[in-house]
1. Where Lys and Arg each count +1 and Asp and Glu each count -1, what net charge lies around Val60 among other residues with Cβ under 15 Å from its Cβ?
2. Could you pull out the pairs from Lys4/Lys108; Lys4/Lys105; Lys7/Lys72; Lys20/Lys108; Lys7/Lys28; Lys72/Lys108 whose alpha carbons sit more than 23 Å apart here?
3. Extension gain Leu81-Lys4, at 0.36 nm per residue separation less the Cα-Cα distance, in nm?
4. Please report the net charge: other residues with Cβ closer than 13 Å to the Cβ of Ser97, K and R +1, D and E -1.
5. Step through the residues of the stretch 77-90 one at a time and calculate ³J(HN,Hα) from phi using the Karplus curve (6.51 cos²θ - 1.76 cosθ + 1.60, θ = phi - 60°), rounding each to whole Hz and writing x for Gly and Pro.
Amino acid sequence: FLFKEAKDLGVDEIEESKIKQCMQVKLKMLQTWLPLLCRASNGTDAPALSINERAGLERVLEDIIEELEQEKQEQVLSLWLHHFTHCSSSDWPNLHSCYARWCCKSRKQLLLLNEN
């Protein structure tokens, strides 16, 4: 619920300073919660989130990440990858598709820079 609300934070803002402030809040939330979400094991007898809720939250996380500047996306996805790969008890949140899109976009930008 918290991330669904955060996703829409700042959508109606016009002022540049307010928009930047909202993006900072989203960045801090991701940096704080992603390690915790990766470490949370989903018990088989009483899962905290249903499969649909997990998938929905992954989509919200991806949407928030993709709103960030490229450099901030790198920071968040590096943090996610570190914790996701070091937590063998959990396979969630799986942000691989978001990571793959970021990698592809970064490669394209690098190629464009090298052409100039």
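Only the coordinates and a few stated rules stand behind these numbers; no lab work does. These figures come from a predicted structure and were not determined experimentally. Quick reminder, even Gly has a Cβ in these numbers, built from the backbone with ideal geometry, and neighbours come from all protein chains shown.
1. Its environment carries a net charge of -3.
2. Numbers: Lys4/Lys108 30 Å; Lys4/Lys105 25 Å; Lys7/Lys72 16 Å; Lys20/Lys108 26 Å; Lys7/Lys28 13 Å; Lys72/Lys108 17 Å.
In this structure, Lys4/Lys108; Lys4/Lys105; Lys20/Lys108 exceed 23 Å between Cα atoms.
3. Details: separation 77, 0.36 × 77 = 27.72 nm, distance 2.18 nm.
So the chain would gain 25.5 nm between Leu81 and Lys4.
4. Result for the neighbourhood of Ser97: -1.
5. For the stretch 77-90, the Karplus-derived couplings read 5, 5, 4, 4, 4, 4, 6, 5, 7, 9, 10, 5, 7, 9 Hz, x marking Gly and Pro.
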